[in-house]
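Report on one structure; see the data block that follows.
The values are calculated or read from the model by the stated rules, or taken from the named source; none is laboratory data. If you're wondering where the values come from, they're calculated on a predicted model, not measured in any experiment. Please note: Cβ atoms are built from the backbone with ideal geometry, for glycine as well, and neighbour counts cover all protein chains shown.
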Amino acid sequence: MDDMLGNFWGTGLESTSNMRTDVIEEADDYKLITDLPGFTKSDIGISLKEDILTITASHKDADNKDADNKDAEPKYIRRERVQNSYERSFRVENVTAEDISASYENGVLTVTIPKKQPVEPETKKIAIS
């Protein structure tokens, strides 16, 4: 079971960023819980392409500075709060974007991915001639 979960979530697609994420298995779904303090909902993106779920977070105001406005960037005496962009990807299988839900509250992003129920193979009778 641990091998299946390791392969399902993978490790090769992770970014080297500090986007810390807990992956929790529950009875009917998986939850990804990511700390993203200082971001707004509009700063966060979640996408699904070819079984890869990607979470991105980027401060919009840091990306849209007016180059002609010299007053746009304040003169820092000391700067410890860096506005970084983050990206983290997870391999997920057999889900569609419509299956996935997400919420963001108090700097914590929670992404819920439902488990697919195993499908019993249909038994077909074969006529004997």
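Quick look at the values:
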item: Selection count where residues are among the charged types (D, E, K, R) and surrounded by 10 or more Cβ atoms within 10 Å (Cβ to Cβ), scope the range 75-92; result: 3
item: Total residues in the range 31-63, condition outside any helix (DSSP H, G or I) and of a type in the set (Asp, Glu); result: 3
item: Selected residue [surrounded by 12 or more Cβ atoms within 10 Å (Cβ to Cβ), modelled with pLDDT under 95, out of contact with any helix residue (DSSP H, G or I) (no Cβ under 8 Å at 6 or more places or on another chain) and of a type in the set (D, E, K, R)] from Glu50, Glu14; result: Glu14
item: Number of positions in the range 73-129 that are assigned to a loop (DSSP other than H, G, I, E, B) and out of contact with any strand residue (DSSP E or B) (no Cβ under 8 Å at 6 or more places or on another chain); result: 29
item: Residue pairs meeting the criteria (Cβ under 7 Å; at least 6 apart or on separate chains; first within 21 Å of Lys115 (Cβ to Cβ), in the range 28-48; second modelled with pLDDT of 95 or more and among the small types (Gly, Ala, Ser)); result: Ile46/Ala102
item: Complete set of residues in the range 81-119 that are over 22 Å from Lys49 (Cβ atoms) and modelled with pLDDT under 90; result: Arg81, Val82, Gln83, Asn84, Gln117, Pro118, Val119
item: Top-ranked residue in the range 23-40 [being of a type outside the set (A, V, I, L, M) and closer than 22 Å to Val95 by Cβ; ranked as surrounded by the most Cβ atoms within 10 Å (Cβ to Cβ)]; result: Thr34
item: Residue count, the range 95-129 (criterion: surrounded by fewer than 10 Cβ atoms within 10 Å (Cβ to Cβ) and either free of Cβ contacts under 8 Å to residues at least 24 places away in the same chain or in contact with a Leu (Cβ under 6 Å, 6 or more places away or on another chain) (or both)); result: 16
